[in-house]
Amino acid sequence: MRLEGKRVLVTGASRGIGQATAILAAREGADVAVNYVRDSEGAAATAAAITAAGRKAVVVQGDVSDRDSVEAFVTSAWDGLGGLDVLVNNAGIETIIDFVDLTDEQWSNVTNTNLRGPWMCSQVFVRRLLAEGRTGSIVNLGSIQAGLAFPGRTHYAPSKRGVEGLTAVMASELGKYGIRVNCVHPGVIETDMTARLKTDLVELEAIRQKVPLGRTGLPEEVAPIIVMFASDESSYITGQHIYVDGGMIV
Ligand code: NAP
């Protein structure tokens, strides 16, 4: 099993890609801390699947965009699992708002969650690793929007391009401690974030035309790549990016 003996914290693990990742991590031998912000039922369902896989689950509520909350839930995860080896910075939000209409609050909500969140979660995680002289692995979730422009994403696209930069600088600074940092960029994946495509069949078809594999992806097709970066299979890889997008960016 690829994560035998590892302890993994997944932010935003109540739904979508985070949920699939948390469950796969458990099936690969990890104990898992399940973070969420609002959906306690989703988090409980993730925890039940982890337990059914024979691994330990702890549920840690908290907002990745709030410093005190991050300190509290990373500490709960650390204490609940007796330490952490892997952090998956998955929690994220996307809204679609015309450039001319975007407010300061909407800008801050998205950038604070998608960029400031991974920075703060990683900093708290790394400080704890260093205090105990431990190595670790961090996997960030970017997006094809780090490389492709879609209208209405004035706030979202820079947050994900920022995650690219964050990954690069963290990898270059933290390598000397044996801490690896990599990034997975999903394409259009069938989660609540893209639920509008269930009814917007025109946009769905337009997206399919741009995907060489001709379809949208599933959370279960992203999770194995996150697990690969999390695990020792990628022990000599840091600062790298993989697009899981059906070939949209080639
Ligand atoms: P999703 O289904 O909408 O789920 C989002 C998750 O993030 C939920 O668990 C949610 O918790 C959590 N979350 C949101 N804000 C949070 C906060 N402030 N603090 C803690 N948790 C928070 O999203 P997804 O589609 O799986 O996306 C996962 C990641 O992949 C995101 O970073 C997203 O940007 C990226 N991504 C997704 C796609 C796609 O097509 N789906 C494409 C490119 C990149 P609650 O359930 O409690 O609200």
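The values are calculated or read from the model by the stated rules, or taken from the named source; none is laboratory data. These figures come from a predicted structure and were not determined experimentally. Glycine also receives a Cβ, built like all others from the backbone with ideal geometry; neighbour counts cover every protein chain displayed. Side chains included, ligands, DNA and RNA excluded: accessible areas come from the protein's heavy atoms. Shrake-Rupley method; radii C 1.70, N 1.55, O 1.52, S 1.80 Å.
Return the residues of region 70-96 that are surrounded by fewer than 17 Cβ atoms within 10 Å (Cβ to Cβ) and not hydroxyl-bearing (Ser, Thr, Tyr); say none if nothing qualifies. Matches in region 70-96: 71, 72, 79, 82, 83, 96.
Every condition in (1) assigned to a helix (DSSP H, G or I); (2) touching a residue at least 40 places away in the same chain (Cβ under 8 Å); (3) more than 30 Å from residue 150 (Cα to Cα) is met by residue 26 except one, and the failing one is (2). The lone criterion from (1) open to solvent by 30 Å² or more (accessible area, probe 1.4 Å); (2) closer than 26 Å to residue 218 by Cβ left unmet by residue 117 is number (1). When region 96-137 is filtered for residues that are within 14 Å of the ligand (Cβ to nearest atom), closer than 23 Å to residue 168 by Cα and hydrophobic (A, V, I, L, M, F, W, C), the ones remaining, listed by number, are 110, 115, 119, 120, 121, 124. Condition test on residue 180, is it in contact with a strand residue (DSSP E or B) (Cβ under 7 Å, 6 or more places away or on another chain) and open to solvent by 10 Å² or more (accessible area, probe 1.4 Å)? Here the answer is yes, as residue 180 does meet what is asked. Kindly provide the set of residues from region 29-63 that are open to solvent by less than 10 Å² (accessible area, probe 1.4 Å), part of a loop (DSSP other than H, G, I, E, B) and either within 9 Å of the ligand (Cβ to nearest atom) or more than 13 Å from residue 13 (Cβ to Cβ) (or both), ordered by number. Correct list: 29, 62.
Conditions first: (1) surrounded by 15 or more Cβ atoms within 10 Å (Cβ to Cβ); (2) within 16 Å of the ligand (Cβ to nearest atom). Residue 174 passes all but one, so which condition is the exception? The one condition residue 174 does not meet is (2).
State whether the residues of region 189-197 include one that is open to solvent by 70 Å² or more (accessible area, probe 1.4 Å), in a helix (DSSP H, G or I), charged (D, E, K, R) and over 21 Å from residue 110 (Cβ atoms). No, region 189-197 contains no residue that is open to solvent by 70 Å² or more (accessible area, probe 1.4 Å), in a helix (DSSP H, G or I), charged (D, E, K, R) and over 21 Å from residue 110 (Cβ atoms). Within region 226-239, one or more residues are among the charged types (D, E, K, R) and either surrounded by 15 or more Cβ atoms within 10 Å (Cβ to Cβ) or under 20 Å from the mean Cα position of the chain (by Cα) (or both).
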